[in-house]
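These notes are about the structure you will find just below.
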Amino acid sequence: MSANVTKIEDNKVRLDVEVPAEAVKKGVEAKVRELRKQIRVPGFRPGKAPRRMIENHVGRDYLYMEALQDSLPNWYSEAVVETDLRPIDRPEIHFDETLDEEEGFKFSATVEVRPEAKLGAYKGVEAPKREIEVADEQVEEQIEEMRGQFATLAAVENRPVQEGDFIVMDFKGEKMTGGPLEGADAEDYMIEVGRSELLEDFEKNLVGMTAGERKQFAVAFPMDYTEESLRGQSVLFRVHLKEVKERELPPLDDEFAKEASEFETLEEFRGAVREQLEATENQRVEAEFRGRVLDVVAEGAEVEVPGVMVDEKADEMVSSFERSIRAQGIEPEQYYQLAGSNREEVRERVRDDASDTVKKELVLDAIVAAEGIEADEHEMMHQIEHLAEDSDRSPDEVAELMRRNGTYALLQEELARNQALELLAENAVPVPMPPEEAESVEEIEEVIDEAAGTPETGDVEVVEASRVGEAGEPGDGEEVPGAGEPAPDAGEARVEASVQTGEGSAGTEKDEGKE
């Protein structure tokens, strides 16, 4: 197959494609095999009729038109991959002649491609950058969190339950109208009071109880409770509190430092924790700085962002959000119902962000072209090796498949953009952060930190605190729970084409009719 690209106007191009005779014949034969399974020809077993009988049955013109219907989208996608085009909308396909198994087939496609950004200054731009600061309180908070991982549980005597205690209990729930409630009972159940493992009102009723005490109380289930049958229902619980335990933290001394890390003294350990926090903060500051530099460069660039690209990016963003809430066990439809919203409203709310993201991607693409940046092959193979780990193919097989379906070029593009962003940051001039902006950043970080402990707020990864240095084993005692997707006539047609990641014929979607 040969393909040539001609620029027409603005960001439209014409793709002229010549399909060799053998490819045409292959497409026709594939359609014959498909029709053999569908058509019964007298005198032949199903699937065994010769091609001439199939042609006599359906007609040669019909056969060729059906073969063209199936093959044209694939040929278009192969030509797109071959010419390294980046279409952003469906193409207008034109052809004057039908298929010819001796001469081949020619067609042209007019399609809108990504626009090119006109860059302004992108080297030596000024952008605010925060200073790296790690307060003593942050160090101590990290150490205290790590102490909690080495805590043991000790029985509490002669003291009522308070928040933070661990209790062992039996409980049974009953309907207020009488009769047991399925799934609302347990024996020797342990929880940390106040951690909201159970209903808030249930846990509040545990506070003040003592070991051995029995108590009954009513709890109303919230209207957004996961189990629909219990929403708004009041349930009577009978509780037998068996044990009360509290966490005992190890002494904050050199022995703890030896157990929790590779260091001999608490001061060495504390210094290592500070270095770790500073390294993490440095990564955050550098990421913020790269973002601000790109903001400045994008603001100085000229580019018209196509609406179709904004729509596609907004869809990506909404889909990503829906995946994140599914990961938390909530279906998007349920979330939208509870939030009094719907997918289209969320999509509309993210359009401005989607437009900004697309503009910045186009700016980075322009920098890649201006600087002649190429994706690092070592990093390419590193990424491909990760993909191969989740499949039954070798890295080389995955790479070859990606080259055939076009995703290899997409990965190259993404890595090249990352390199362009690094180039911008390396050549930028950091300036002090305005006080009011610095305060705003701190407020945002506080919100993010709070969200990190509240999975319900979004796509949050909860990361357990890691030790500094070599890992040791927890001390003796009881471990604390929780630590740890009519044939075309000659003339005009439209083909909806998109490069897919799966294996097959370039992954182009079949056209749905003609125009």
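The values are calculated or read from the model by the stated rules, or taken from the named source; none is laboratory data. Because the structure is predicted, anything quoted here is derived from the model rather than measured. Cβ atoms come from the backbone with ideal geometry, glycine included; neighbour counts cover every protein chain shown.
To keep it simple, each residue is scored yes or no on (1) of a type in the set (S, T, N, Q); (2) assigned to a helix (DSSP H, G or I); (3) in contact with a helix residue (DSSP H, G or I) (Cβ under 9 Å, 6 or more places away or on another chain); (4) surrounded by 15 or more Cβ atoms within 10 Å (Cβ to Cβ).
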{"position": "239", "(1), (2), (3), (4)": "no, no, yes, yes"}
{"position": "292", "(1), (2), (3), (4)": "no, yes, no, yes"}
{"position": "298", "(1), (2), (3), (4)": "no, yes, yes, yes"}
{"position": "310", "(1), (2), (3), (4)": "no, yes, yes, yes"}
{"position": "319", "(1), (2), (3), (4)": "yes, yes, no, no"}
{"position": "322", "(1), (2), (3), (4)": "no, yes, yes, yes"}
{"position": "328", "(1), (2), (3), (4)": "yes, no, yes, no"}
{"position": "336", "(1), (2), (3), (4)": "no, yes, yes, yes"}
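Here residue 211 does not qualify as of a type in the set (Gly, Ala, Ser), within 39 Å of the chain's Cα centre (by Cα) and at pLDDT 90 or above. Search region 70-112 for residues being over 28 Å from the mean Cα position of the chain (by Cα) and in a loop (DSSP other than H, G, I, E, B), and hand back the single one that is surrounded by the fewest Cβ atoms within 10 Å (Cβ to Cβ). Within region 70-112, the match that is surrounded by the fewest Cβ atoms within 10 Å (Cβ to Cβ) is 102.
Going through 211, 220 one at a time, which residue ends up being assigned by TED's automatic domain parsing to the domain that holds residue 157, of a type in the set (A, V, I, L, M, F, W, C) and farther than 18 Å from residue 173 by Cα? Walk me through it before giving the result.
Working: 220 fails: farther than 18 Å from residue 173 by Cα.
From the options 211, 220, the qualifying one is 211.
Going by the structure shown, is residue 256 touching a strand residue (DSSP E or B) at 6+ places or on another chain (Cβ under 7 Å), assigned to a helix (DSSP H, G or I) and either of a type in the set (A, V, I, L, M, F, W, C) or within 30 Å of residue 171 (Cα to Cα) (or both)? Step through it out loud before you land on a result.
Working: touching a strand residue (DSSP E or B) at 6+ places or on another chain (Cβ under 7 Å): no; assigned to a helix (DSSP H, G or I): yes; either of a type in the set (A, V, I, L, M, F, W, C) or within 30 Å of residue 171 (Cα to Cα) (or both): yes.
The answer is no for residue 256.
For region 142-228, which fully contained strands (runs of 3 or more DSSP E) count at least 2 residues that are among the small types (Gly, Ala, Ser)? So that I can check it myself, show each step before the final result.
Working: elements: 152-155, 166-175, 180-192, 214-220.
Passing ranges, in order: 152-155, 180-192, 214-220.
So, in region 402-423, of the ones that are within 18 Å of residue 80 (Cβ to Cβ) and more than 22 Å from the chain's Cα centre (by Cα), which residue ends up modelled with the lowest pLDDT? Per the criteria, the residue is 404. Number of residues in region 389-430 that are within 21 Å of residue 371 (Cβ to Cβ) and in a loop (DSSP other than H, G, I, E, B) equals 1. Listed by first and then second residue, the pairs with beta-carbon distance under 7 Å, at least 6 apart or on different chains, first residue in region 205-233 and under 22 Å from residue 243 (Cβ atoms), second exposed (fewer than 14 other Cβ atoms within 10 Å of the Cβ) and acidic (Asp, Glu), are 207/163. Looking only at residues in region 12-42 that are at pLDDT below 90 and hydrophobic (A, V, I, L, M, F, W, C), the one that is farthest from residue 115 (Cα to Cα) is 41.
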